[in-house]
Amino acid sequence: MADDKLYERFGREFPKGHALFKDGEAGKEMFVVQSGKVRIHKNVRDVEKVLAILGPGEFFGEMSILNNKPRSASATVEEPARLLVIDPKTFEAMVRGNAEIAVRLIKKLATRLQETDDQIENLLLRDHNSRVVHFLSHIAAKQGSQTAEGLQLEITLKDIAQKIGLEIEPVNEVMNKLIRSRLVKLTESGVVIHDVNKLREFLEFLEMKEKFGDI
Ligand code: CMP
């Protein structure tokens, strides 16, 4: 179906801050982001942990529909969004009737699993330096645009802190060390990694230090 036809039938607009659904509720529909952003989050001991910020072309809310389980996380509109809101019957008919949609779904689920594995690896690192550097070097492999100064990532310190489950202050401290070592730079739109390979070497150095201690 053409995009405008899909929007006519399933499209809805949601304001910033709108709670689309909450962790633990029964799933009644799945969503495809056409524009804007949606935050997928979970409260762990009263602290909000952001699992993902989803943008145009991405979907969410399919898990509880596929496996008939309660919502695994909450979804809130982060930036005013146009979403396709698709009921379970239509979703199943789309997947059954279109192999391309099914393959995209599987690929997306595989990517999500990979990202979750990265997050687990990150959470197992003990020191803050390693957590921040590990996160930056992994995200550098997946996104960013090359500029004369290095790889520009559209990510804020708050995003980094939320993703790795640290407060802003320790993330700030590590970033300042990385800036002093000329590994990264903060810009208006995010972070520039001057040389991704050097950042990876720095992570290896931190891992060695963790293993052997300061000599
Ligand atoms: P569902 O369990 O129906 O509701 C919460 C949704 O958040 C879930 O479906 C997925 O679509 C999405 N979701 C859950 N975990 C993640 C994750 N780690 N990354 C991105 N999206 C997720």
Report whether or not residue 22 is at pLDDT below 95 and open to solvent by 20 Å² or more (accessible area, probe 1.4 Å).
no
Report every pair of residues separated by at least 6 positions or lying on different chains whose Cβ atoms are under 7 Å apart, first residue within region 19-33 and among the basic types (Lys, Arg), second at pLDDT 95 or above.
22/71; 22/74
Within region 34-51, can you find the residues that are within 12 Å of the ligand (Cβ to nearest atom), in contact (Cβ under 8 Å) with a residue 40 or more places away in the chain and more than 16 Å from residue 12 (Cα to Cα)?
49, 50
Within region 56-71, is even one residue in contact (Cβ under 8 Å) with a residue 24 or more places away in the chain, more than 15 Å from the ligand (Cβ to nearest atom) and surrounded by fewer than 16 Cβ atoms within 10 Å (Cβ to Cβ)?
no
Looking at region 35-51 only, could you name the residues that are at pLDDT below 95 and surrounded by fewer than 17 Cβ atoms within 10 Å (Cβ to Cβ)?
42, 43, 44, 45, 46, 47, 48, 49
I'm checking my understanding of the structure. Among residues of region 73-88 that are open to solvent by 60 Å² or more (accessible area, probe 1.4 Å) and farther than 18 Å from residue 5 by Cα, which one is nearest to the ligand (Cβ to nearest atom)?
79
Of the residues 188, 210, only one is surrounded by fewer than 15 Cβ atoms within 10 Å (Cβ to Cβ) and either farther than 18 Å from residue 128 by Cβ or hydroxyl-bearing (Ser, Thr, Tyr) (or both); which?
188
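The values are calculated or read from the model by the stated rules, or taken from the named source; none is laboratory data. None of these values were measured; they are calculated from a predicted model. No Cβ is skipped: glycine too gets one built from the backbone with ideal geometry, and neighbour counts run over all protein chains shown. Quick note on the areas: whole protein, heavy atoms, side chains included, nothing else; ligands and nucleic acids left out. Shrake-Rupley method; radii C 1.70, N 1.55, O 1.52, S 1.80 Å.
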